[in-house]
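Undergrad: One structure follows; several queries about it will come next.
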Amino acid sequence: MTKTKETLIITKTGQARGLLGPLVGKITKQLGQQTIRRASHVEVTDDLTENAKRVLYHDHVAGAGLPVHQFLSQLPTNAFWADMSPCHAVGLVLGPFDTREDALAAEEAWLIANGIPTADQPLGN
């Protein structure tokens, strides 16, 4: 299992965002009032949100003429996906991954590479 790289970014305006872990949790409690929001979700195929399914359909077969239900029935049911939609205005889904750990690692890498965007200020606007 990969160890999460705890990251905390504090902006010039005093807002903090980060990858929540034990150390970041302790630090943010000392900073005062917190509002915790998810930037993403890791789910198995069957638990993907309708929005994530639409994003996958659009990204993989837009214009190909394949009906949505047929496309969705072809997705691997035991795969894991990192749904970045909460922090990406247009929607982004990473995967499929064979293990939850692989999906979590991809999610973490994407968040760090993109400055840990938030639902308040999503990428892609």
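The values are calculated or read from the model by the stated rules, or taken from the named source; none is laboratory data. Source: prediction; values computed, not measured. Cβ: placed from backbone, ideal geometry, glycine included. Neighbour counts: every protein chain shown.
Conditions (1) at pLDDT 90 or above; (2) at positive phi, marked per residue:
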{"residue": "HIS69", "(1), (2)": "no, no"}
{"residue": "SER73", "(1), (2)": "no, no"}
{"residue": "MET84", "(1), (2)": "yes, no"}
{"residue": "LEU92", "(1), (2)": "yes, no"}
{"residue": "LEU104", "(1), (2)": "yes, no"}
{"residue": "GLY124", "(1), (2)": "no, yes"}
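Undergrad: Considering only residues that are without any contact (Cβ under 8 Å) to a residue 24 or more places away in the chain and among the charged types (D, E, K, R), look in segment 2-16 and name the one that is farthest from ASP83 (Cα to Cα). First the steps, then the outcome.
TA: In the first step, residues of segment 2-16 are kept if they are without any contact (Cβ under 8 Å) to a residue 24 or more places away in the chain; the result is 3, 6, 8, 10-16.
Narrowing further to those that are among the charged types (D, E, K, R): 3, 6, 12.
Details: LYS3: 20, GLU6: 20, LYS12: 29 Å.
Across segment 2-16, the extreme among qualifying residues is LYS12.
Undergrad: Still on this model: Pick from segment 49-98 the residues that are touching a Ser or Thr at 6+ places or on another chain (Cβ under 9 Å) and among the aromatic types (Phe, Trp, Tyr): which of them is farthest from ASN114 (Cα to Cα)?
TA: PHE80
Undergrad: Show me the helices (runs of 4 or more DSSP H) entirely contained within segment 1-113 in which 1 or more residues are surrounded by 12 or more Cβ atoms within 10 Å (Cβ to Cβ) and not hydrophobic (A, V, I, L, M, F, W, C).
TA: Once the helices (runs of 4 or more DSSP H) in segment 1-113 are filtered for at least 1 residues that are surrounded by 12 or more Cβ atoms within 10 Å (Cβ to Cβ) and not hydrophobic (A, V, I, L, M, F, W, C), what remains is 22-31, 50-61, 100-113.
Undergrad: In segment 74-101, how many are farther than 12 Å from HIS41 by Cα, touching a residue at least 40 places away in the same chain (Cβ under 8 Å) and of a type in the set (Asp, Glu)?
TA: 1
Yes or no, residue by residue, for (1) free of Cβ contacts under 8 Å to residues at least 40 places away in the same chain; (2) of a type in the set (S, T, N, Q); (3) touching a Leu at 6+ places or on another chain (Cβ under 6 Å):
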| position | (1), (2), (3) |
| --- | --- |
| GLY18 | no, no, yes |
| GLN33 | yes, yes, no |
| SER40 | no, yes, no |
| ASP46 | yes, no, no |
